[in-house]
1. Go through the stretch 7-32 and report how many residues are part of a loop (DSSP other than H, G, I, E, B) and within 21 Å of residue 124 (Cα to Cα).
2. For the stretch 20-48: of the residues being small (Gly, Ala, Ser) and under 30 Å from residue 89 (Cβ atoms), which is surrounded by the most Cβ atoms within 10 Å (Cβ to Cβ)?
3. Going through the stretch 138-174 one residue at a time, which ones are more than 16 Å from ligand 2 (Cβ to nearest atom), β-branched (Val, Ile, Thr) and in a helix (DSSP H, G or I)?
4. Looking at 58, 26, 4, which one is over 17 Å from the mean Cα position of the chain (by Cα), of a type outside the set (D, E, K, R) and within 24 Å of residue 162 (Cα to Cα)?
5. Could you list, ordered by first residue, the pairs with Cβ atoms under 7 Å in which the first is in the stretch 40-53 and within 21 Å of residue 112 (Cβ to Cβ) and more than 7 Å from ligand 1 (Cβ to nearest atom) and the second is of a type in the set (A, V, I, L, M, F, W, C) and at pLDDT 95 or above, at least 6 apart or interchain?
6. Among the candidates 149, 141, which residue alone is at pLDDT below 95 and either within 16 Å of ligand 1 (Cβ to nearest atom) or within 22 Å of residue 64 (Cα to Cα) (or both)?
7. Can you find a residue in the stretch 75-94 that is within 14 Å of ligand 1 (Cβ to nearest atom) and under 26 Å from residue 172 (Cβ atoms)?
8. Give me the pairs: first residue in the stretch 54-72 and in contact (Cβ under 8 Å) with a residue 12 or more places away in the chain, second residue among the small types (Gly, Ala, Ser) and surrounded by 15 or more Cβ atoms within 10 Å (Cβ to Cβ), beta-carbon distance under 6 Å, and six or more apart or on different chains, which are they?
Amino acid sequence: MDLLIEIAKAIWFILPAYGANAFPPLMKGKIPIDRGKKLGKNRILGDGKTVEGTLGGLIFGFFVGLVQIFVQSKINLESYGFINITIPLILTLTTGALIGDMIGSFIKRRFGIPRGRPAPLLDQLDFVFGALLLSSIFYPIELEIVLFIIVVTPPIHLISNIFAYLFKLKNHPF
Ligand code: CTP
Ligand code: MG
């Protein structure tokens with residue numbers, strides 16, 4: 001099952017970004033980062049990007065990465081070809097994910113798409129692009145892993161959002 005191992009390697013690398021992206025809804029944040037300001041007739045980012053959510057995402061993503069560093073200290077994953085997770089990688093993956101997600105919202109607002117309405121692929125991948133770009137300062141990731149991440153993230157994102165919706169953590173299943 002070579003394919004499954006390759007997918008596992010891709011997810012292993014991007015996992016702190018997944019953590020940073022999945023946690024914000026749980027914060028039920030109230031303070032919008034854009035402070036309610038508009039650019040033209042639409043909000044800069046909208047009420048879906050909050051100070052609490054962003055901080056919660058950063059902290060949780062960092063925690064996920066620390067757990068990975070702990071796992072690495074027990075199992076020599078690098079010898080199987082898994083990328084070694086480091087503190088600089090965790091910091092850039094989590095920060096990049098949150099910035100990418102904000103850029104996604106910024107783009108949606110500029111196209112007049114209201115907060116929470118779907119923008120297929122942009123919604124699922126904005127945070128991944130942010131994470132990959134910023135983390136590339138510390139780890140020039142292989143194109144193959146980037147492609148695996150881009151292919152597996154949208155279905156994983158959709159399935160987890162459906163669960164978040166069923167558990168009433170999100171208002172929409174997307
Ligand atoms: N969230 C937050 N702060 C962030 C990112 C997300 O508080 N930086 C919370 C918000 O409650 C948001 C939820 O997580 O509603 C889901 O995030 P997302 O799907 O990215 O936001 P949307 O509400 O869909 O808004 P947008 O249209 O701007 O993507
Ligand atoms: Mg959304």
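1. Filtering the stretch 7-32 down to residues part of a loop (DSSP other than H, G, I, E, B) leaves 23, 28-31.
So of that shortlist, the ones also within 21 Å of residue 124 (Cα to Cα) come out as 23, 28-29.
The number of residues fulfilling the criteria is 3.
2. Selected residue: 20.
3. Result: 145, 146, 149, 150, 151, 152.
4. Answer to the check: 4.
5. Sorted first by the residue in the stretch 40-53, then by its partner, the pairs are 44/106.
6. 141
7. Taking the stretch 75-94 and keeping what is within 14 Å of ligand 1 (Cβ to nearest atom), we get 94.
In the following step, the residues that additionally are under 26 Å from residue 172 (Cβ atoms) were identified as 94.
Taking every residue of the stretch 75-94 in turn, at least one turns out to be within 14 Å of ligand 1 (Cβ to nearest atom) and under 26 Å from residue 172 (Cβ atoms).
8. 57/20; 60/19; 61/19; 61/20; 64/19
The values are calculated or read from the model by the stated rules, or taken from the named source; none is laboratory data. Here the structure is a predicted model, which is why all the values come from computation and not from measurement. Virtual Cβ from ideal backbone geometry, glycine too; neighbours counted across all protein chains shown.
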